[in-house]
Amino acid sequence: RFEEALQEARQVDELLSEGPGDDYLEEKFPLLGVPVTVKEAFSLHGMPNTSGLVNRRNVIATSDATVVSRLKQAGAIPLGVTNCSELCMWYESSNRVYGRTNNPYDLQRIVGGSSGGEGGVLAAACSVIGVGSDIGGSIRMPAFFNGVFGHKPTTGVVPNDGQFPNARGVRTSFLCTGPMCRYAEDLEPMLRVMAGPGVNKLKLNEKVSLEKIKFHCMDHDGGSVFVSPVDKEILQAQKKVVEHLEGELGVQVRHVAIHKMKYSFQIWSAMMSSKDSDGQEAQLFTDLLGDHGKPVWPLWELMKWLVGMSSHTLPAIAVGLTEKLMKLNPGGNAKLVSMGKSLQEEMEALLGPDGVLLYPSHPTIAPRHHSPICMPFNFAYTAIFNVLGLPVTQCPLGLSSEGLPLGIQLVAASYNDHLTLAVARYLEKAFGGWVLPGKV
């Protein structure tokens, strides 16, 4: 929406020339004139809202999602919408509506998903702040693969209204809408605007003394058979963070081994398909695939895909098939849900009011296109924190030997978003934050 954006920018210029006073403008329009991009799954008036589903190709948003409306009211100017994976349930942003999004650091690599277009656009300096959503790492993986900042807020603080698909049943406790940006200092003002009155649940006005934070570090999930081992360069980057914190802040970073993290993927899957407190079943992914069209049968779609006749992507078909398998073991699922609740209590107790956990954002650096299908469960490194409801900030840590972004997750107890945001600002100064693609 470049023409409309330019027109809105001219209106901002006029407002500034009238000179109502900087203090007044800053209070009323904290994001005045700031360009913003929006994940295409969110409604942005007049723009497509397909979520990469061919059946929704002609769907145009007639209103704004709540967070989009709040950003506009704060003075931000939307430039357009950005690509995602089909129905936002895969970590490669490719679909049959728009095609594939490439990583600006290496076009043969993925941008991640499902807010992948957003990660790529921010990294390539096309936009400065962006709107993402995250139910299994969909803000943090693209932020990691593209070397930018992304924040998954504490559950229930930022409204999820106005996106497709939206969460139903138990998943409303796992889906989070949050900010993505190139600079750490932009996360907090964005979060304040997006949360609206919900911001009162957070402690963003509290001054954070980094020396008083109790830092914990975990290098990997304990060795899940479903997930790749953590890349050496990711481990080295994390080690440098630990050394820097201990050397510069004089803190003691405690290494922890939380046994249940080994079952992150299984816990996430079980909790995602569990019933809510009212006994309502989680919405089936296959039902969403049939939106604006006929019902979808995953096995039949797989046959069609093999001969190039399906309008769905292979990952979406695979998710539909996996969903059916999950229903075959209700007893095992109940045990995993119970393990998840126990892990949540353990994590809240460990972190407390002043703790931050350092944890890899993903076991590998940005993979090549199509390779995630070979290691489909690597998103477990981010997904576990969705079902635990904890706030997490993804922070870039420079580039690897191949010139690809490195990063780390900063995790705190519920409603302690201010701690992870403060540490992200500190690490940006220490490690350089976002690096312009092609600069090295």
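The values are calculated or read from the model by the stated rules, or taken from the named source; none is laboratory data. Since we're looking at a predicted model, the values are computed, not measured. Glycine gets a Cβ as well: all are built from the backbone with ideal geometry, and neighbour counts include every protein chain shown. Quick note on the areas: whole protein, heavy atoms, side chains included, nothing else; ligands and nucleic acids left out. Shrake-Rupley method; radii C 1.70, N 1.55, O 1.52, S 1.80 Å.
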Given the criterion of a type outside the set (Lys, Arg), in contact with a Cys (Cβ under 9 Å, 6 or more places away or on another chain) and at positive phi, identify the matching residue among GLY196, GLY169, GLY137, GLY156. GLY156
How many residues does the stretch 329-353 contain that are touching a helix residue (DSSP H, G or I) at 6+ places or on another chain (Cβ under 6 Å) and not hydrophobic (A, V, I, L, M, F, W, C)? 3
Candidate set from the stretch 404-430 (those that are outside any helix (DSSP H, G or I) and among the polar types (S, T, N, Q)); member that is surrounded by the fewest Cβ atoms within 10 Å (Cβ to Cβ): SER414
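Mind listing just one residue for me: the one in the stretch 374-384 that is in a loop (DSSP other than H, G, I, E, B) and in contact (Cβ under 8 Å) with a residue 60 or more places away in the chain and, of those, surrounded by the fewest Cβ atoms within 10 Å (Cβ to Cβ)?
To start, the set of residues in the stretch 374-384 that are in a loop (DSSP other than H, G, I, E, B) comprises 374-379.
Now narrow it down to the ones that are in contact (Cβ under 8 Å) with a residue 60 or more places away in the chain: 375-379.
Values: MET375: 14, PRO376: 17, PHE377: 19, ASN378: 23, PHE379: 26.
Out of the qualifying residues, it is MET375.
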Filter the stretch 330-373 for residues that are more than 25 Å from LEU427 (Cα to Cα), in a loop (DSSP other than H, G, I, E, B) and at pLDDT 95 or above and give the result. HIS369
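Residues in the stretch 121-134: is at least one part of a loop (DSSP other than H, G, I, E, B) and surrounded by 24 or more Cβ atoms within 10 Å (Cβ to Cβ)?
Within the stretch 121-134, the subset part of a loop (DSSP other than H, G, I, E, B) is 124-128.
Adding the requirement that they be surrounded by 24 or more Cβ atoms within 10 Å (Cβ to Cβ) leaves none.
Taking every residue of the stretch 121-134 in turn, none turns out to be part of a loop (DSSP other than H, G, I, E, B) and surrounded by 24 or more Cβ atoms within 10 Å (Cβ to Cβ).
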For residues in the stretch 81-102 being out of contact with any helix residue (DSSP H, G or I) (no Cβ under 6 Å at 6 or more places or on another chain) and in a strand (DSSP E or B), which is surrounded by the most Cβ atoms within 10 Å (Cβ to Cβ)? VAL81
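Select from the stretch 141-161 the residues that are small (Gly, Ala, Ser) and part of a loop (DSSP other than H, G, I, E, B) and write down the one among them that is surrounded by the most Cβ atoms within 10 Å (Cβ to Cβ).
Step one: list which residues in the stretch 141-161 are small (Gly, Ala, Ser), which gives 143, 147, 150, 156.
If we keep only those that are part of a loop (DSSP other than H, G, I, E, B) as well, we get 147, 156.
Working: GLY147: 29, GLY156: 16.
Among residues in the stretch 141-161 that are small (Gly, Ala, Ser) and part of a loop (DSSP other than H, G, I, E, B), the one surrounded by the most Cβ atoms within 10 Å (Cβ to Cβ) is GLY147.
If you go through the stretch 36-84 one residue at a time, how many are among the aliphatic types (A, V, I, L, M) and modelled with pLDDT under 95? Before you say what the answer is, go through the steps one by one.
Residues of the stretch 36-84 that are among the aliphatic types (A, V, I, L, M), as a first pass: 36, 38, 41, 44, 47, 53-54, 59-61, 65, 67-68, 71, 74, 76-77, 79, 81.
Retained after the next criterion (residues that are modelled with pLDDT under 95): 53-54.
Residues flagged as among the aliphatic types (A, V, I, L, M) and modelled with pLDDT under 95 within the stretch 36-84 amount to 2.
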Here the qualifying pairs (Cβ atoms under 8 Å; residues six or more apart or on different chains; first in the stretch 248-275 and more than 19 Å from LYS341 (Cβ to Cβ); second open to solvent by 20 Å² or more (accessible area, probe 1.4 Å) and in a loop (DSSP other than H, G, I, E, B)) come out as HIS255/ASP219; ALA257/GLY222
Condition check: in contact with a Cys (Cβ under 8 Å, 6 or more places away or on another chain) and either among the small types (Gly, Ala, Ser) or crowded, with 24+ Cβ neighbours inside 10 Å (or both). Does LEU397 satisfy that? no
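Within the stretch 385-422, can you find the residues that are among the aliphatic types (A, V, I, L, M) and either closer than 28 Å to THR172 by Cα or without any contact (Cβ under 8 Å) to a residue 24 or more places away in the chain (or both)?
Of all residues in the stretch 385-422, those among the aliphatic types (A, V, I, L, M) come to 387-388, 390, 392, 397, 399, 404, 406, 408, 410-413, 419, 421-422.
Of everything in the stretch 385-422, those that are among the aliphatic types (A, V, I, L, M) and either closer than 28 Å to THR172 by Cα or without any contact (Cβ under 8 Å) to a residue 24 or more places away in the chain (or both) turn out to be VAL387, LEU388, LEU390, VAL392, ILE408, LEU410, VAL411, ALA412, ALA413, LEU419, LEU421, ALA422.
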